[in-house]
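Following: one structure in structure tokens, then a few remarks.
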Amino acid sequence: MKVLQIINSLGTGGAEKLLLDTIPRYVAQGIEMDILLLDSKKTPFFQQLEALKCCNIYHAAKDNSVYSPRHIRAIIPFLKKYDLAHVHLFPAQYWAVLAKKLSGASIKLIFTEHNTTNRRLEHPLLRRIDKLLYQYYDRTVCITSGIRDVLIKHTGLPQARFPVIENGVDLAQIKEAMPMPKSAIQKQLKDEDKLFIQVAGFREQKDQATLIRALTHLPQHVKLLLVGDGITRPTCEALVDTLGLRDRVLFLGQRTDVARLLKSADIVVLSSHYEGLSLSSIEGMASGKPFVASNVPGLKEVVGGAGLLFDQGDDAGLAGVLSKLIENKEWYNQVATQCVQRAEQYDIQKMVNQHIELYEYICS
């Protein structure tokens with residue numbers, strides 16, 4: 001079986017990390033798999049996958065804008081070489097369907113919906129287009145049952161078209177990672193500093209601003225590590241300057257040593273407005289540190305009853321939760337243990353096996 005993964009880029013998002021971690025596993029199980037990118041930037045994830053030499057990495061078009069319709073015709077030649085294409089994220093979701101319709105290719109299409117909501121559902125025109133294009137996917141994989149319910153209502157398609165396969169994480173990679181001295185992360189950090197960390201792309205969904213504002217309610221020795229990059233980073237940097245937190249908030253950019261950073265921090269946080277099934281939350285819980293997240297769809301289902309939840313956007317409430325964890329070592333250890341136990345439910349190999357079963361069923 002020949003499978004082509006199609007995605008916008010290999011940036012630092014959860015869907016991108018998922019492909020980096022899973023493609024070698026698919027190949028090891030006999031699936032011939034390559035990846036097609038709309039963006040040609042050689043990101044850290046790109047370089048890591050390239051170094052593994054387990055698949056071919058192709059670019060649809062040289063135009064760096066993933067929103068360029070030029071990608072439609074650029075995708076067409078690839079569709080005739082594979083049995084199945086597994087597509088991720090918008091606008092790759094649209095371009096792949098249009099490429100198949102224009103080419104008349106017999107390739108099967110699967111799409112994974114990674115989020116509980118998107119702006120297209122709120123836009124009158126895009127909502128209608130979105131509803132139409134879902135019909136051309138043989139299956140749409142939903143990473144939670146909540147996402148499945150939203151899409152059934154949105155599209156009117158039967159439940160059988162929306163299998164639920166939860167995302168997974170390479171738990172062994174997280175467990176085996178070694179922490180680093182705080183000064184190795186940044187020279188100005190001291191052993192007595194308390195480090196909070198958020199690993200997320202800088203976009204409105206992730207709401208790093210709430211976490212930044214939470215620092216104003218906490219002692220000076222509390223520092224924040226923000227891992228990732230994106231369009232809202234300049235706004236967050238400006239907020240840090242406005243609040244006088246430049247020496248307490250460290251922007252680390254894109255990193256390939258996330259597991260070590262998680263092990264080096266004291267508490268892991270994710271302050272998103274919404275999520276699908278967040279890989280960052282699972283990795284954070286697997287790190288052996290307490291995990292704190294906003295009480296929103298896609299996080300409360302995964303984190304609730306193990307990690308701690310706060311009202312989204314409530315920086316004072318978030319600071320209160322973090323402060324109590326720092327002050328109460330027994331509670332800190334209890335939450336950390338609960339998080340590790342919860343993360344065990346999301347082993348990556350289980351997810352890979354379920355996808356392979358779906359591939360074989362669709363192509364049979």
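Checking Met285 against (1) farther than 28 Å from Phe46 by Cα; (2) part of a helix (DSSP H, G or I); (3) modelled with pLDDT of 95 or more, only one condition comes out false. Which one?
(1)
Go through (1) part of a helix (DSSP H, G or I); (2) surrounded by fewer than 22 Cβ atoms within 10 Å (Cβ to Cβ); (3) of a type outside the set (A, V, I, L, M); (4) modelled with pLDDT of 95 or more one by one and return the number of the condition Tyr58 breaks.
Tyr58 satisfies every listed condition except (1).
Report every pair of residues separated by at least 6 positions or lying on different chains whose Cβ atoms are under 7 Å apart, first residue within region 239-258 and over 19 Å from Pro181 (Cα atoms), second at pLDDT 95 or above and part of a strand (DSSP E or B).
Val240/Val249
Could you list all residues from region 284-299 that are more than 22 Å from Ser264 (Cα to Cα), in contact with a helix residue (DSSP H, G or I) (Cβ under 8 Å, 6 or more places away or on another chain) and either open to solvent by 10 Å² or more (accessible area, probe 1.4 Å) or without any contact (Cβ under 8 Å) to a residue 12 or more places away in the chain (or both)?
Selection gives Pro297 alone.
Could you list, in sequence order, all residues of region 2-47 that are hydrophobic (A, V, I, L, M, F, W, C) and on the phi > 0 side of the Ramachandran plot?
none
Considering only region 139-162, state which residues are out of contact with any His (no Cβ under 7 Å at 6 or more places or on another chain) and open to solvent by less than 40 Å² (accessible area, probe 1.4 Å).
Hits for region 139-162 are Thr140, Val141, Cys142, Thr144, Gly146, Ile147, Leu151, His154, Thr155, Leu157, Phe162.
May I ask you to say which residue of Ser281, Ser323 is surrounded by fewer than 18 Cβ atoms within 10 Å (Cβ to Cβ) and of a type in the set (Ser, Thr, Tyr)?
On inspection, the qualifying residue turns out to be Ser323.
A quick yes/no check of all residues on (1) in contact with a strand residue (DSSP E or B) (Cβ under 7 Å, 6 or more places away or on another chain); (2) modelled with pLDDT of 95 or more; (3) not hydrophobic (A, V, I, L, M, F, W, C):
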residue: Ala85; (1), (2), (3): yes, yes, no
residue: Phe90; (1), (2), (3): no, no, no
residue: Trp95; (1), (2), (3): no, yes, no
residue: Leu98; (1), (2), (3): no, yes, no
residue: Arg119; (1), (2), (3): no, no, yes
residue: Leu126; (1), (2), (3): no, no, no
residue: Ile129; (1), (2), (3): no, no, no
residue: Tyr136; (1), (2), (3): yes, yes, yes
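So which residues in region 201-230 are modelled with pLDDT under 95, open to solvent by 10 Å² or more (accessible area, probe 1.4 Å) and in a loop (DSSP other than H, G, I, E, B)?
Selection gives Arg203, Asp229, Gly230.
Looking at this structure, is Leu98 more than 28 Å from Ile282 (Cβ to Cβ) and surrounded by 17 or more Cβ atoms within 10 Å (Cβ to Cβ)?
yes
The values are calculated or read from the model by the stated rules, or taken from the named source; none is laboratory data. The structure presented is a predicted model; accordingly, all values stated were derived computationally and were not measured. Neighbour counts run over all protein chains shown; Cβ positions are idealised from the backbone, glycine included. The accessibility values were calculated without ligands, DNA or RNA, using every heavy atom of the protein model including side chains. Shrake-Rupley method; radii C 1.70, N 1.55, O 1.52, S 1.80 Å.
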